[in-house]
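Okay, so here's the structure we're looking at.
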Amino acid sequence: MADAIDIPAWIALFFGLYALSAAIGELRMPGGWAALLAHFERDIGLRFLSGIVCIALGAAIYLVSPWRPDDWLAVLVTVLGGWIAIEGALILAFGDSFLAIARRLMGAANKLWAWLSLLIGVVLIAAALIRL
């Protein structure tokens with residue numbers, strides 16, 4: 001079990017693993033994210049379930065991560081948890097519009113987003129491992 005002081009580092013490690021894995025998957029098989037988003041837009045049940053999961057997961061991360069203004073990683077993890085909860089609420093309330101905006105943001109730049117996700121994943125993993 002992790003000590004309370006390590007909670008932001010552990011969460012950052014798992015966020016980083018997620019971002020890195022998703023990026024590698026998209027770079028290996030381009031177009032996967034676009035197909036996923038298209039399916040997500042069509043399936044209201046999946047959107048509803050995803051919204052609930054995002055709210056629950058984001059709230060859990062937000063609540064367990066200590067707020068320490070002098071610790072940039074703790075602040076980042078807390079903000080990410082809050083954003084995930086807000087994203088879940090937006091998916092539940094405005095799923096079609098919210099996902100249309102996401103589709104436009106992704107556009108033809110899937111490869112750019114994948115490389116950005118890879119970079120974020122590596123940075124988060126490194127930051128977490130330095131602290132653990």
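The values are calculated or read from the model by the stated rules, or taken from the named source; none is laboratory data. Here the structure is a predicted model, which means the values were calculated and not measured. Positions of Cβ are generated from backbone atoms using ideal geometry, with glycine treated the same way; all protein chains shown enter the neighbour counts.
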- the stretch 31-45 residues that are surrounded by 15 or more Cβ atoms within 10 Å (Cβ to Cβ), paired with ones that are among the charged types (D, E, K, R) and in a helix (DSSP H, G or I) (beta carbon under 6 Å, 6 or more apart): Gly32/Glu26; Trp33/Glu26; Leu37/Arg103
- Item | The lone exception for Ala59 - which of (1) over 15 Å from the mean Cα position of the chain (by Cα); (2) part of a helix (DSSP H, G or I); (3) in contact (Cβ under 8 Å) with a residue 24 or more places away in the chain it fails | (1)
- Task: Name every residue in the stretch 16-44 that is under 17 Å from Leu118 (Cβ atoms) and not in a helix (DSSP H, G or I), in order of residue number.
- Result: Met29, Pro30, Gly31
- What about Ile55, is it surrounded by fewer than 17 Cβ atoms within 10 Å (Cβ to Cβ), under 30 Å from Ile5 (Cβ atoms) and not polar (S, T, N, Q)? no
- Tell me, please, whether a residue that is at pLDDT 95 or above, surrounded by fewer than 15 Cβ atoms within 10 Å (Cβ to Cβ) and not hydroxyl-bearing (Ser, Thr, Tyr) can be found in the stretch 96-116. yes
- Scan the stretch 70-93 and report the pairs whose first residue is more than 21 Å from Phe48 (Cα to Cα) and assigned to a helix (DSSP H, G or I) and whose second residue is of a type in the set (D, E, K, R) and modelled with pLDDT under 95, with Cβ atoms within less than 7 Å and a gap of 6+ or a chain change. Leu73/Arg131; Ala74/Arg68
- Note on the structure: A careful count of residues in the stretch 51-85 that are modelled with pLDDT of 95 or more and hydroxyl-bearing (Ser, Thr, Tyr) gives 2
